[in-house]
1. Considering the chain as a Gaussian network with a 10 Å cut-off on Cα pairs, which listed residue, 45, 359, 154, attains the greatest mean-square fluctuation?
2. Which angle between 0 and 90 degrees, to the nearest 10, do you get for helix 39-52 versus the longest principal axis of the chain when only C-alpha atoms count?
3. Post the alpha-carbon centroid distance, region 24-76 to region 84-110, in whole angstrom.
4. Would you mind ranking 81, 415 so that the residue whose beta carbon has the fewest other beta carbons within 10 Å leads the list?
5. Quick check: the angle from helix 259-269's long axis to the longest principal axis of the chain, C-alpha only, nearest 10 degrees?
6. Using alpha carbons only, how many angstrom separate the centre of region 229-251 from the centre of region 372-427?
7. How many percent of DSSP beta bridges within region 107-281 run antiparallel, rounded to 5?
8. On full extension of the chain, what length is gained from residue 102 through residue 425, given 0.36 nm per residue of separation minus the C-alpha to C-alpha distance?
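Nothing in this text is a laboratory measurement; each read-out follows from the coordinates by a stated rule. It should be emphasised that the depicted structure is a prediction, and the values quoted were computed from it without experimental measurement. Quick reminder, even Gly has a Cβ in these numbers, built from the backbone with ideal geometry, and neighbours come from all protein chains shown.
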């Protein structure tokens with residue numbers, strides 16, 4: 001199914017259409033740069049994963065950090081998905097989008113006391129706990145409310161996910177999770193935590209993973225620990241296998257895993273487990289659904305090659321500057337032109353504001369419309385107003401229609417929270 005979806009997506013892109021919407025016409029209505037998302041591409045990804053999970057007691061919780069726009073979260077809610085959150089802000093976004101608290105899990109190493117309180121009040125399904133201090137804080141907060149919080153221990157399996165160092169989360173030197181030895185001591189002390197039901201395990205080893213072996217090793221380690229705990233009388237109601245499924249950022253080179261192969265790895269590793277399996281996909285569901293539409297400001301002649309200067313910048317899409325990440329870039333127009341080699345850059349005053357180096361593209365001119373592909377994950381959600389550039393618009397496309405789901409921020413809105421230092425106080 002995934003191959004058919006990818007082929008359909010590529011065909012639409014070639015025809016300057018995305019989800020039935022003419023991108024050239026859209027860019028004459030919505031000023032560039034802006035993010036555009038295909039609703040159907042997201043639905044196709046959800047369906048592919050759900051098909052692979054058939055027969056399992058599984059809950060898919062979308063990793064909100066990948067794309068936190070409420071309209072995108074509403075698509076997840078409509079499909080029956082839950083949410084994996086890492087902040088109080090993401091909690092409010094998920095709730096406002098209609099995702100029930102019973103389908104929300106809270107991850108992250110730095111949950112504040114206020115965030116824990118907010119999540120308890122909302123009645124979320126589970127906390128993924130990452131330190132003893134957090135576990136004790138959860139016990140205090142739940143006791144004060146007269147509540148019982150469900151919690152899972154996030155295991156750090158010390159496994160190299162084979163991905164970029166900045167998105168690897170399962171090595172012992174990473175800040176995430178705890179060792180099996182430490183987790184074992186938590187379960188041994190669980191009677192001292194009457195307001196925390198420690199009945200789950202969680203593992204997430206990183207993002208943009210393109211091989212099964214790291215997943216298999218992590219899942220097998222957690223499954224073995226679950227069997228050990230069960231043998232000592234501890235009830236494990238849930239195993240959260242995290243996310244991490246990669247996507248094809250570089251067409252013809254990246255080889256993403258098929259959902260069926262990934263889920264089969266889960267089935268084998270967790271064979272015999274009778275509880276609920278939680279998955280936390282983010283990038284996998286939304287990356288391919290999005291493009292960043294941008295126009296060429298000018299072509300600047302360089303000493304070694306020309307610079308293609310776009311109206312989009314690193315504040316609109318941080319991944320290339322932050323991770324040296326590759327994104328395919330294509331002209332929207334089908335006009336045939338000779339190939340030219342460019343450094344593709346933005347207008348921000350940083351040499352890091354570079355989308356591609358020595359990239360071969362059809363010859364471009366000022367005003368040409370380009371699309372930077374696979375930006376639906378960690379594009380708008382990581383955007384900033386650096387260089388005082390207002391946040392770009394976001395547009396949802398669905399069967400030939402479009403809706404602006406976040407209008408472009410105005411300069412006045414960007415400055416709204418600031419003021420001159422006229423009202424001085426003493427602490």
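1. Result for the chain, Cα springs under 10 Å: 359 fluctuates most.
2. Relative to the chain, helix 39-52 is tipped by roughly 40 degrees.
3. 17
4. Fewest to most other Cβ atoms nearby, the residues stand as 415, 81.
5. Long axis of 259-269 versus the principal axis of the chain: about 20 degrees.
6. Region 229-251 and region 372-427 have Cα centres spaced 33 Å from each other.
7. Here the antiparallel bridges make up roughly 5 percent for region 107-281.
8. Length gained, residue 102 through residue 425: 111.9 nm.
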